[in-house]
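Notes to accompany the following structure.
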Amino acid sequence: MHNLLCVAQLIRNILLIAFFLLGCGAPKDFHPASATKVSPPRQFTQGEALYIRYCSGCHGWEGRGDGPMAMMFEVHPPPLAGSRLDENELMSIIKVLHGDSPMILTGLGKVASIEADVSALLTHIKRLPQLDWEKIDKGRHAYESLCAFCHGVYGGGDGILASAQKRPPGNLGARSFQLGATDEQLARIVSDGQSSMPGAKAVLDEGNIEAIVSFIRVLSPGFELYERFCARCHGSDGYTPAEMADGIVGVPPLAREKLVGVIFNNDYFRNRPEAVVRSWVEFMYKADHSSMPRFNAELSGSEVREIVRYLRELDADSRG
């Protein structure tokens, strides 16, 4: 009796499986030849995969310049879809990705500003060999201790106490200010005071007052730019700081004149045309302002070409 029940159960299971298979099978009027063929999914190209990994965070997957990190930049990343690029732009992308040159994410409206900054930097750098840096350093120390709270570190009138003054401090680095007062007049103002500015002759001797005037004469847009972006490696006076020898230059501590690196002395300018010096100033300025990293350590030349090939073919309106 038990054996019969097992056989009956087995037969029922077989029938259920057969019914299921028959019920799920193709209908009698199904004709495979007449069915619509489903296209296989699109496959990533190598260039697209590399672009998504290295570029899409800022430039967006579709090359629209709308990646999730784009909002972090003052000037948004430019669109990179192939139809928006000319040959020069493509070549610049190749150079940037492969590390041949830096890129600044900036609009055309800032080109004039960049040129002005480079000119200001060049003007200041050319002054470095002619300045009495021992006296200027002494004046800078006194200025930062007594004057910077109102006048600002770079003399722009933007110190932390500037807003509390009845009359806002002027811009000491402005050309109009520099040309509008003699050294004697500046020394008298520092010593005796003027308007709401107190005099300093009770706390500073004549030598310190003269040193402050020497420092004020250095203040300019070029000085501020140089101090912000160049002095940490080249030194305020154009000589590599001795304490940077191990970390930057890679040599043991030596006399400053023997340190390896660019020294902005008279010989440097005597042996180089101004156009050459300007080209290097511009290059370093752009490198220090670059918002876009270079990937020469991560991307090979062939991989860069794959990314450019993808950008050439990219249709920003067709990606899904």
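The values are calculated or read from the model by the stated rules, or taken from the named source; none is laboratory data. Because the structure is a prediction, the values reported are computed rather than measured. Cβ coordinates were reconstructed from backbone atoms using ideal geometry, including for glycine residues, and neighbour counts include every protein chain displayed. These accessible areas exclude ligands, DNA and RNA; they are computed on the full protein's heavy atoms, side chains included. Shrake-Rupley method; radii C 1.70, N 1.55, O 1.52, S 1.80 Å.
Applying the criterion of being of a type in the set (A, V, I, L, M, F, W, C) and assigned to a helix (DSSP H, G or I) to the residues of segment 171-187, the residue that is farthest from the chain's Cα centre (by Cα) is Ala187. Restricting Ser191, Ser214, Ser195 to those that are touching a residue at least 12 places away in the same chain (Cβ under 8 Å), over 22 Å from Gln130 (Cβ atoms) and either surrounded by 12 or more Cβ atoms within 10 Å (Cβ to Cβ) or charged (D, E, K, R) (or both) reduces the list to Ser191.
Of the numbered criteria (1) crowded, with 16+ Cβ neighbours inside 10 Å; (2) closer than 30 Å to Ser279 by Cβ, the one Ser113 fails is (1).
Do we have any residue at all in segment 118-128 that's closer than 23 Å to Glu210 by Cβ, at pLDDT 95 or above and either in a loop (DSSP other than H, G, I, E, B) or among the hydrophobic types (A, V, I, L, M, F, W, C) (or both)? Within segment 118-128, one or more residues are closer than 23 Å to Glu210 by Cβ, at pLDDT 95 or above and either in a loop (DSSP other than H, G, I, E, B) or among the hydrophobic types (A, V, I, L, M, F, W, C) (or both).
Condition (residue is within 31 Å of the chain's Cα centre (by Cα) and assigned to a helix (DSSP H, G or I)) applied to segment 188-205: is it met by at least one residue? No; the residues of segment 188-205 include none that is within 31 Å of the chain's Cα centre (by Cα) and assigned to a helix (DSSP H, G or I).
So, in segment 129-153, how many residues would count as being assigned to a loop (DSSP other than H, G, I, E, B) and either open to solvent by 50 Å² or more (accessible area, probe 1.4 Å) or of a type in the set (A, V, I, L, M, F, W, C) (or both)? The number of residues fulfilling the criteria is 4. Could you go through segment 37-44 and let me know if any residue there is under 20 Å from Val304 (Cβ atoms) and at pLDDT 80 or above. Scanning segment 37-44 turns up no residue that is under 20 Å from Val304 (Cβ atoms) and at pLDDT 80 or above.
Scanning segment 249-279 for residues that are hydrophobic (A, V, I, L, M, F, W, C) and at pLDDT 50 or above yields Val262, Ile263, Phe264, Phe269, Ala275, Val276, Val277. Restricting attention to segment 217-240, the residues that are assigned to a helix (DSSP H, G or I) and either without any contact (Cβ under 8 Å) to a residue 60 or more places away in the chain or open to solvent by less than 10 Å² (accessible area, probe 1.4 Å) (or both) add up to 10. The single condition from (1) open to solvent by 80 Å² or more (accessible area, probe 1.4 Å); (2) in contact with an Asp or Glu (Cβ under 7 Å, 6 or more places away or on another chain) that Ile160 fails is (2). Of all residues in segment 170-196, which are modelled with pLDDT of 90 or more and in contact with a helix residue (DSSP H, G or I) (Cβ under 8 Å, 6 or more places away or on another chain)? Of everything in segment 170-196, those that are modelled with pLDDT of 90 or more and in contact with a helix residue (DSSP H, G or I) (Cβ under 8 Å, 6 or more places away or on another chain) turn out to be Asn171, Leu172, Gly173, Gln178, Ala181, Asp183, Leu186, Ala187, Val190, Ser191.
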